[in-house]
Amino acid sequence: MFRVVTPKNDQEFEKYFAFRWQYLRQPWNFPPGSEKDEYEQVAEHRMIVNSEGEVVACGRVHMNTAEEAQIRHIAVHSAYHRRGLGQMMLGALEAVARDQGAIRAVTNSREISIPFFSSCGFVIEREAPTELGLLKRQQMVKKLTDLSSLVLHPKWCTELQKTWSETIPITEHMGIKLHQYTGKTLETRASLNKNINVHGTMFAGSIFSLATLTGWGMIFLQLKEKQLEGDIVLGDGDIHYHKPITMRPRAKCNIESLSGKFSILESNKKCKITLQVNILDDDTPVAEFKGVYWILPGKEASDAKRT
């Protein structure tokens, strides 16, 4: 299981910068310290850690102007390539940029990284200054205002939001919105003001609802990815709360947490899917939800609707 975290203390920043140097500077024989520049104090830093707390990816974003964010220093551990962590990190940095008011993002990409950024919606604008006087780069740009820059498969995501609104009215009352879908990770958010208790924190029941709907939504989108159909129902759910939510409720479900065989649906049999949803207050993990869902195919789904 992977999660995006913000380094907060000296020990976490030491791990973060060591990782950045190892993957972005050491291969070209630059000394420790060369991974840092004059923007570190004004930038937002993120890293992805695995279930053991080890850093497996990193990235940074800072504002060039009130409307332009610059994304830099994305790196992924060599043992974790092709697992969607680059997209996961980029998505997190773009979310930070949007929250700070950016309407476009720029990155100075080396030749080897151009295909990655192109696949994520960036286009080459012009040649950029070489990095450390050695590494040739291209400046790439992406608008952050288009729906397609926020989610993969925007039509599916629009359909999911509409399905929630029409068939699960609580989503409207709670202000639950799909925030980002990368194909690997689904993130939803809820309005704290619509779910606040007398203590100024989010209702525990609202947190549980946000988690179950996020898991439901991830399965909905995976069915679309696999060109399958079925009715999704929650079989069982278990949540562990660690801290209250006082700022910004977020829920994230990563495809790595899904377990089950969607292919069973092709035999007109119900399919069991288990998954995990992580709940955060802004960037602070506050709860984990583990859910068991059933997907009812064909005739069984129709019978379930009538009963």
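The values are calculated or read from the model by the stated rules, or taken from the named source; none is laboratory data. Because the structure is a prediction, the values reported are computed rather than measured. Positions of Cβ are backbone-derived with ideal geometry, glycine not excepted, and every protein chain shown enters the neighbour counts.
In this structure, does residue 246 turn out to be surrounded by fewer than 20 Cβ atoms within 10 Å (Cβ to Cβ) and either at pLDDT 95 or above or farther than 26 Å from residue 46 by Cα (or both)? It is false that residue 246 is surrounded by fewer than 20 Cβ atoms within 10 Å (Cβ to Cβ) and either at pLDDT 95 or above or farther than 26 Å from residue 46 by Cα (or both).
Note on the range 119-142: residues that are out of contact with any strand residue (DSSP E or B) (no Cβ under 8 Å at 6 or more places or on another chain) and at pLDDT below 85 total 3.
Let's see how each residue does on (1) modelled with pLDDT under 90; (2) out of contact with any Ser or Thr (no Cβ under 9 Å at 6 or more places or on another chain); (3) in the same structural domain as residue 255 (by TED's automatic domain parsing):
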position	(1), (2), (3)
18	no, yes, no
49	no, yes, no
67	yes, yes, no
74	no, no, no
83	yes, yes, no
93	no, yes, no
101	yes, yes, no
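Could you list, in sequence order, all residues of the range 20-33 that are of a type outside the set (Lys, Arg) and either over 26 Å from the mean Cα position of the chain (by Cα) or not assigned by TED's automatic domain parsing to the domain that holds residue 73 (or both)? Residues satisfying the conditions are 26, 27, 28, 29, 30, 31, 32, 33.
Have a look at 88, 63 and point out the one that is over 24 Å from residue 1 (Cβ atoms), assigned by TED's automatic domain parsing to the domain that holds residue 139 and of a type in the set (A, V, I, L, M).
One residue alone meets the criteria, 63.
For first residues located in the range 1-29 and on the phi < 0 side of the Ramachandran plot, partners that are basic (Lys, Arg) and lie 6+ apart or on another chain with Cβ distances below 7 Å form the pairs 4/46; 6/46; 17/36.
Looking at the structure I just gave you, is residue 194 touching a residue at least 60 places away in the same chain (Cβ under 8 Å) and touching a helix residue (DSSP H, G or I) at 6+ places or on another chain (Cβ under 8 Å)? For residue 194, the condition - touching a residue at least 60 places away in the same chain (Cβ under 8 Å) and touching a helix residue (DSSP H, G or I) at 6+ places or on another chain (Cβ under 8 Å) - is not met. Checking 51, 34 one by one, the residue that is under 19 Å from residue 107 (Cα atoms), touching a residue at least 12 places away in the same chain (Cβ under 8 Å) and assigned to a loop (DSSP other than H, G, I, E, B) is 34 and no other.
In summary, residue 278 fulfils each of the numbered conditions (1) modelled with pLDDT of 95 or more; (2) crowded, with 20+ Cβ neighbours inside 10 Å; (3) over 19 Å from residue 183 (Cβ atoms); (4) of a type in the set (S, T, N, Q) with the single exception of condition (3).
Number of residues in the range 258-283 that are over 13 Å from the mean Cα position of the chain (by Cα) and either of a type in the set (Ser, Thr, Tyr) or under 22 Å from residue 83 (Cα atoms) (or both): the value is 11. Scanning the range 239-289 for residues that are assigned to a helix (DSSP H, G or I), among the small types (Gly, Ala, Ser) and either without any contact (Cβ under 8 Å) to a residue 60 or more places away in the chain or over 16 Å from residue 51 (Cβ atoms) (or both) yields 263, 267.
Confirm whether residue 36 is under 21 Å from the mean Cα position of the chain (by Cα) and surrounded by fewer than 17 Cβ atoms within 10 Å (Cβ to Cβ). No, not satisfied.
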